[in-house]
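Values in this text are rule-based calculations from the coordinates and carry no lab data. Remember, predicted model here, so these are calculated numbers, not experimental data. Neighbour counts run over all protein chains shown; Cβ positions are idealised from the backbone, glycine included.
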Amino acid sequence: MNKTLTAFAAVLALALGITACEKKTSEKVSEATRSAGQAAGEAANATGKAVGEAATATGTAVGEAAKATGDYLSGSKDTAVTTAQDTVNTLEKKWQDLEAKAAPATDEAKADFQKAKDQMAQALADAKAKLVQAKDATDDAWQKDVKPALAAALDKAQKLYDDAAAKFGSK
């Protein structure tokens, strides 16, 4: 029995020792886990902050690019409208000069010149109407509709003048 009691005491001491070791090991594991969790939390916070700052910077950059594009389109529209107005004014002046100098001799030439005058008056009126539209057009409408229509109206007026000047007078 003495041996049994000794063996029992040894097993009990061993069990208590293992339990004590497990407690220390468990505390070490808990501490390591806590530290790892804290480090992961700090890393997540830092990553979230960096992503947030990058998103803010990207949003700002996109907003500035959109504004710059709008400013450019508006600026180019304003320049184009001013240039178109100058073109209309020049064509009107040149047409008035041509009317003053032209002297069609035959009835047929007079009829052709009158037809050219009527067509030129209509072309200039169309160009002026497009200029009014251009001044009030949104950037999108300017690019898609008004700009091409204004260019076509100016081209038509220029061609009518060039044809009439070649036929009835000098440029």
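Computed from label points 7 Å out along Cα-Cβ, the spacing between Thr138 and Thr83 is 2.5 nm. Charged side chains reduced to their Cβ positions (Lys and Arg at +1, Asp and Glu at -1) give region 113-171 a dipole of some 280 debye around its Cα centre.
In this rough spin-label picture, where each label sits 7 Å from Cα along the Cβ direction, the Ala43-Ser30 distance is 2.4 nm. Once the chain from Asp155 to Gln119 is taken as fully extended at 0.36 nm per residue, the excess over their C-alpha distance is 11.6 nm. Taking each residue as 0.36 nm, the span from Asp112 to Lys167 lengthens on full extension beyond its C-alpha to C-alpha distance by 18.8 nm. Given a cut-off of 20 Å, name the pairs among Lys94/Lys159; Lys130/Lys156; Lys147/Lys167 whose C-alpha atoms lie farther apart than that in the structure shown. Long pairs (Cα-Cα over 20 Å): Lys147/Lys167. Report D for region 112-171 in µm² per second (integer): Stokes-Einstein, Kirkwood Rh on Cα pairs, 10 °C, 1.306 mPa s. Approximately 130 µm²/s, per Stokes-Einstein. Cβ crowding within 10 Å ranks Asp107, Asp78 as Asp107, Asp78, fewest other Cβ atoms first.
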